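Just below is one structure, and these are the notes that go with it.
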Amino acid sequence: MRFIRFSLLLIASGAIAAAARDPLRNSRQCLVVVTKDWNSTTGVLRAFERTGTAGAWKIRGPDIPVVLGKNGLGWGLGLVNAKRGSGPGKIEGDNKVPAGIFRLGPAFGYASAQSARWIKLPYLPLTAQTEGVDDPHSRYYNRLVERSEIARVDWRTSEQMRRTDDLYKWGIIVAHNPAATPGAGSCIFMHIWKNSSAATVGCTAMAEQNLIQLLKWLNPAAQPVLVQMPRRDYVAMQSEIVLPEMR
């Protein structure tokens, strides 16, 4: 079934435990979003790359302004332990973006697979039947599914992914809560913003041209990750993990 290929369950729990010791050890592409504090609704994204997994991180391209959740950030479930030190934890419906370190991909969009062949990440063409399930009581929680392929729909709430606006014209799945822990937050993406001041309900959004440039660059062979948190916590984490240096 197609939803299995494109569910948000992208990382086995054993892989998460191993990655927690050095979550960037196999990555050669890293997106970093830092904010002023936990209540921030805007931030700056910087892209970094390196030629080998033991090489130094080098910045790629200009700074990218992003908008975040209308209630700021909360520690999410990814490649590092959630709720490290200060800061709230993310829960379902809190309108916070997840803080932490997360795998990226697949990508998705309104275009056909043929028209999106320029995207290197696995790509999911959205249809009128594609839904993001946010009901913690559903066995499909935190997955993108095709309703027409589900024999028994067991969710009461979901998001229609093929929207009437352009917010999901292009997007990238953020592997937050990959084990689908009920109530820990679901269906987190990087997508197109409404504008530079309109906060999201829990995703990281940016101008379309900036997202397209990232989609042209991101390569699954480089195991791209997203690192996202307040600057103070980012600096503290650098004492444990080799993260890109921020200006």
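A few points about this structure:
- Two-site label geometry, THR181 and ARG232: point separation in nm, points 7 Å out along Cα→Cβ: 2.4
- Beta bridge orientation in the chain: antiparallel %, DSSP, nearest 5: 65
- Signed unit charges on C-beta, dipole axis of the chain, positive-most listed residue PHE108, GLY72, THR181: PHE108
- Using the Cβ-Cβ distance between ASN39 and ARG247 with R0 set to 22 Å, the FRET efficiency from 1/(1 + (r/R0)^6) comes to roughly 0.50.
- Diffusion coefficient (Stokes-Einstein, Kirkwood radius over C-alpha pairs, 25 °C, 0.890 mPa s) for the stretch 136-193: 194 µm²/s, rounded to a whole number.
- Sum of side-chain charges, ARG46 neighbourhood, beta-carbon under 9 Å (Lys, Arg +1; Asp, Glu -1): +1
- Each Lys or Arg adds one and each Asp or Glu subtracts one; over the other residues with Cβ under 13 Å from the Cβ of GLY72, this totals +1.
- Taking label positions 7 Å along the Cα-Cβ direction at both THR127 and THR164, the computed distance is 2.2 nm, reported to one decimal.
- Normalised size of the stretch 2-237, defined as Cα radius of gyration per 2.2 N^0.38 Å with N residues, equals 0.94.
- Charge tally around LYS96: other residues with Cβ under 9 Å, Lys/Arg +1 each, Asp/Glu -1 each, net +1.
- The modelled label-to-label distance between ALA56 and TRP217, using points 7 Å beyond Cα along the C-beta direction, is 1.9 nm.
- When +1 charges are put on Lys and Arg Cβ atoms and -1 charges on Asp and Glu Cβ atoms, the dipole computed for the chain relative to its Cα centre reaches about 460 debye.
- Our summary of shape: the Cα atoms of the stretch 40-100 have principal axis extents of 38, 26, 18 Å, ordered from largest down, in whole angstrom.
- Taking the DSSP beta bridges with both ends in the stretch 33-179, the antiparallel portion is around 75 percent.
Every number here is computed from the coordinates shown, using simple stated rules; none is lab data. Predicted, not measured: the structure shown is a model, and the values here were computed from it. When we count neighbours, we look across all protein chains shown, and the Cβ atoms used for this are built from the backbone with ideal geometry, even at glycine.
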